[in-house]
Amino acid sequence: MLASLNLFNSKFYNRIASFPTIIISALFHEYVLWAPFRFIAPILLVQYGTFGTILYFVKPSPNSKFWNYFIHIGLNIGVAAMVFCYTMELYARHLCPREESFSNTFMPRSLDCVLL
């Protein structure tokens, strides 16, 4: 019965299946950054999870130069924002020490550190 409906070969189900893949990939990339830094700042998760998902569903025209410029400028701004935010969090963790606990790795110190 399901084979006759041909539901699983449609573009709708491919796009639905790609959404959890993007989210799992964003979580994995955040985990890769947690391993050396020992803190979680959800900057990459927000950038990759939201903007990556939005840009996946937007399909540009193949002859558009605007889309090419938009992607290159967006990548540069995104990487610069990520480097800025992670560096600010590293300095906040260095200048405003707290007790080290597992729950403390999820709280960004750059939001409440007065010394920055």
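The values are calculated or read from the model by the stated rules, or taken from the named source; none is laboratory data. In this text the structure is predicted, and so the values were computed from the model without any measurement. Note that each Cβ is placed from the backbone with ideal geometry, even for glycine, and that neighbours are counted across all protein chains shown. Side chains are part of the model used for accessible areas, which takes the heavy atoms of the whole protein and leaves out ligands, DNA and RNA. Shrake-Rupley method; radii C 1.70, N 1.55, O 1.52, S 1.80 Å.
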- Item | Dmax and Rg, reported as Rg then Dmax, of the range 15-83 (C-alpha, Å) | 13.8, 44
- Note on the structure: Sorting I40, F28, S110 by the position of each Cα along the dipole of the chain (Lys, Arg +1; Asp, Glu -1; all at Cβ), the one nearest the positive end of that ordering is F28
- Message: Net charge within 15 Å of L111 by Cβ-Cβ distance, Lys/Arg positive one each and Asp/Glu negative one each, not counting L111 itself?
- Response: +1
- Task: Over the range 41-116, average the accessible area per residue using a 1.4 Å probe and give it in Å², no decimals.
- Result: 74
- Message: Connecting C-alpha atoms closer than 10 Å in a GNM of the chain, tell me which of P97, P62, P42 has the biggest fluctuation.
- Response: P62
- Query: What is the distance in Å between the Cα centres of the range 57-116 and the range 9-53?
  - Reply: 14
- Which entry is the computed Cα Rg over 2.2 N^0.38 Å for this structure: (i) 1.45; (ii) 0.95; (iii) 1.29? (i)
- Over the chain, what percent of the accessible surface lies on carbon and sulfur atoms, probe 1.4 Å? 73
- Query: Going by alpha carbons, how many degrees (0 to 90, nearest 10) lie between the helix axis of 11-37 and the longest principal axis of the chain?
  - Reply: 20
- Debye, to nearest 20: dipole size of the range 54-116, +1 on Lys, Arg Cβ, -1 on Asp, Glu Cβ: 340
